[in-house]
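Let me begin by presenting the structure, written as structure tokens, before commenting on it.
The values are calculated or read from the model by the stated rules, or taken from the named source; none is laboratory data. Remember, it's a predicted structure, so these values are computed and weren't measured experimentally. Reconstructed Cβ throughout: ideal geometry from the backbone, glycine too, with neighbour counts over all protein chains shown. All accessible areas refer to the heavy atoms of the entire protein, side chains included, with ligands and DNA or RNA removed. Shrake-Rupley method; radii C 1.70, N 1.55, O 1.52, S 1.80 Å.
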Amino acid sequence: MPRPRVITDERIVEAAREVFLEQGFSATTAEIARRAGVSEGTLFKRFASKEDIFEEVVGLRNYAAWREELAGLVGVGDVRRNLERAALGFIETAGRILPGLMLIFSRGHAPAHNPMLERLGNPIRHDADAVAAYLRAEVALGRVRPVDADVTALTLMGTLTHYVHREHMTPDPAREPLDAGRFVRGLFDVLWPGLEP
């Protein structure tokens, strides 16, 4: 019978968060293991690689959930509501992970070859591609007027990204925050007339 885990995965993730915040992505797994009070072997029994630990620390594992949900809504429900829900999902997810991600990448020596950046690819491009694919599918069903799906998706994602930057990355303490629901409803009040069939 295996021994029960004394050190939880949550403790390892918390130790990794501390190390990444201090040293950036160049932090070593040896330091993460030392800080968590486990061997590197134990660390790698729980996480396959340093990149997997990083994804867990930053919360990247579920980043694309809103994209997958949107793809499953083609031909279902109200298109505007589907897009609004996807926009809110993006804002919630990006608002949660971007500040930590930026802080961690800004710390420590940035290696010339960063496997985590390669693994992430270009999430903003993937986001826009997911929205464009949804729009193309809805156009084909006649639920959205024929539009340039790529331009529309870039317009939407650029606006959402700016909102996340303004409200989560560089908030102004002298200004009342702009509620995400209000922002998304107002955004689609502007965009929807150009999409409505």
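Close contacts from region 57-79, counting a first residue that is under 11 Å from TYR134 (Cα atoms) and at pLDDT 95 or above and a second that is open to solvent by less than 50 Å² (accessible area, probe 1.4 Å) and part of a loop (DSSP other than H, G, I, E, B), with Cβ to Cβ under 6 Å and a gap of 6+ residues or different chains, come to VAL79/VAL144. Just one of the numbered conditions (1) in contact with a helix residue (DSSP H, G or I) (Cβ under 8 Å, 6 or more places away or on another chain); (2) open to solvent by 80 Å² or more (accessible area, probe 1.4 Å); (3) free of Cβ contacts under 8 Å to residues at least 24 places away in the same chain is not true of ARG185; which one? For ARG185, the exception is condition (3). Among helices (runs of 4 or more DSSP H) entirely within region 110-184, having at least 1 residues that are of a type outside the set (A, V, I, L, M, F, W, C) and either over 18 Å from the mean Cα position of the chain (by Cα) or at pLDDT 90 or above (or both) singles out 123-140, 149-164. The listed residues are ARG35, ARG17, ARG46, and the only one of them that is closer than 21 Å to PRO123 by Cβ and touching a residue at least 12 places away in the same chain (Cβ under 8 Å) turns out to be ARG17. The set of residues from region 123-150 being free of Cβ contacts under 8 Å to residues at least 12 places away in the same chain and either open to solvent by 80 Å² or more (accessible area, probe 1.4 Å) or closer than 18 Å to ALA65 by Cβ (or both) comprises ARG125, ALA140, PRO146, ASP148.
In this structure, does VAL190 turn out to be in contact (Cβ under 8 Å) with a residue 40 or more places away in the chain and either β-branched (Val, Ile, Thr) or touching a Cys at 6+ places or on another chain (Cβ under 6 Å) (or both)? Taking the combined requirement at face value, the residue does not satisfy it.
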